Amino acid sequence: MARTSSRLKEVIMEKIPDITSDMLDKLRRLNINSVYQLAVQSPSELGLGISDGDVELAAKLIGNARKILTENEVLSREFSTAGDMLEKRNKISRYSTGSSNFDTFLNGGFETQSITEISGEFGSGKSVICHTLCAAAITLMKDDNLDVIDNGSTHEASGSIIFIDTENTFRANRVYQIAEQKNLDQEDILKRIYPCNVYSSEQLEILIDELPNLIEQYNTKLAIVVSIISLHRAEFSGQGTLAERQQRVGKMLNKLRRYADIYNIAVVITNQVVSYADSSHPGFNSMKAAGGNIVAHGSTYRIFLRKSGKNRVATMEDSPSQPYQHVKFSITESGIQDATSYKTDGGNLGW
């Protein structure tokens, strides 16, 4: 997908049908400066900022912005043929982990226009996968990013990764180590990763709101959120706050899904687990991903990690196109790598 320069985006903003100079000023005060940023907005939230809750006007502006993106083939038409949808699917990017078996398990890698959830208990490999992805995926982000400048010519633009960290797990030295082991350019990789530590649920929600500006500023192709629910889980404790917590988490996921689709980026989120009594094995507790149905429905792909001796097992628990399956991998100095025993179908984890 071609990206326009910031100056060209402002010109296009002024050409949006039914937009006035007063509306443009209000949008810019809301830090909405491009057609992309307007297109990812929610009418109910935008209406509060531009005209005292005029949802109908906000929906019209957003619709006109999305129409421009549709005309420029950034978005699909509301009713297009299945063949058109297949052609669009064939153009998505996939970002490798560097582990051939794990990439095969992902049907080629973490894909754009999707949210992939990785959940598992502590030590199951969530952080290592994210660090390995940072090192391996960045090498694929040079060829598919072209900036369109005002004279109509193009120049190559390197993509970047945004790493939103709510658990203080990002380690630049670990990315450096993985890149070194894989004989990659460590300095180039580190300067194209933008980590941000987040300390409250409110700060996380504000950052998710501002993500479109950051995506355009850094030409982001992959956004990682570690962990999507940890702060809300800590701050909204007890049954009385559950409904509000789930609603706020749901809003974040809804925005991330829109960003993934409109900006053609890959979104990877990690998730914590909860324990529950397993009726099929009395006396034993089992684990499942936290966040309930809100997180389950908000994710495109759901991967659950388990410890398996010295190795780890990843299970594809939900996918619109892949079967329920497993892959075993190891954690080493070079990040994740293929384990001796690979993939099986079905529910047998006793390898």
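Readers should treat all values here as calculations from the given coordinates under stated rules, not as data from a laboratory. Note that the structure is a prediction, hence the values are computed from the model and not measured. Glycine gets a Cβ as well: all are built from the backbone with ideal geometry, and neighbour counts include every protein chain shown.
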With θ set to phi - 60°, apply the Karplus curve 6.51 cos²θ - 1.76 cosθ + 1.60 along the stretch 29-42 and write out the HN-Hα couplings as whole Hz, x wherever there is a Gly or Pro. 5, 8, 6, 10, 10, 8, 4, 4, 5, 6, 5, 8, 6, 9
Give me the one-decimal nm value for the distance between modelled label points at Ser275 and Leu57, 7 Å along each residue's Cα-to-Cβ direction. 5.5 nm
Sequence-distant residues sharing a close amide H with Glu117 (under 5 Å, placed H): Ile269, Thr300, Tyr301, Arg302, Ile303
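What number comes out for the charge environment of Ala82, summing +1 per Lys or Arg and -1 per Asp or Glu over other residues with Cβ under 13 Å away? Please list the in-between numbers first.
Working: positive: Arg77, Lys88, Arg89; negative: Asp84, Glu87.
After counting each charged neighbour, the total is +1.
Want the number for Glu187 to Glu333: 0.36 nm per residue separation, take away the alpha-carbon distance, what's left?
50.8 nm
Can you tally the net charge around Leu253? Count Lys and Arg as +1, Asp and Glu as -1, for every other residue whose Cβ sits under 12 Å from the Cβ of Leu253. Numbers along the way, then the final one.
Numbers: positive: Arg248, Lys251, Lys255, Arg257, Arg258; negative: Glu117, Glu205.
In short, +3.
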When a/c is below 1.5 the answer is rounded, else prolate if a/b is larger than b/c, else oblate, so apply that to the stretch 204-323 with a ≥ b ≥ c taken from the square roots of the Cα gyration tensor eigenvalues. oblate
Beyond a 26 Å Cα-Cα separation, which of these cross-linked pairs lie in this structure: Lys288/Lys310; Lys91/Lys310; Lys88/Lys191; Lys91/Lys126; Lys88/Lys126; Lys60/Lys255? Lys91/Lys310; Lys88/Lys191; Lys91/Lys126; Lys88/Lys126
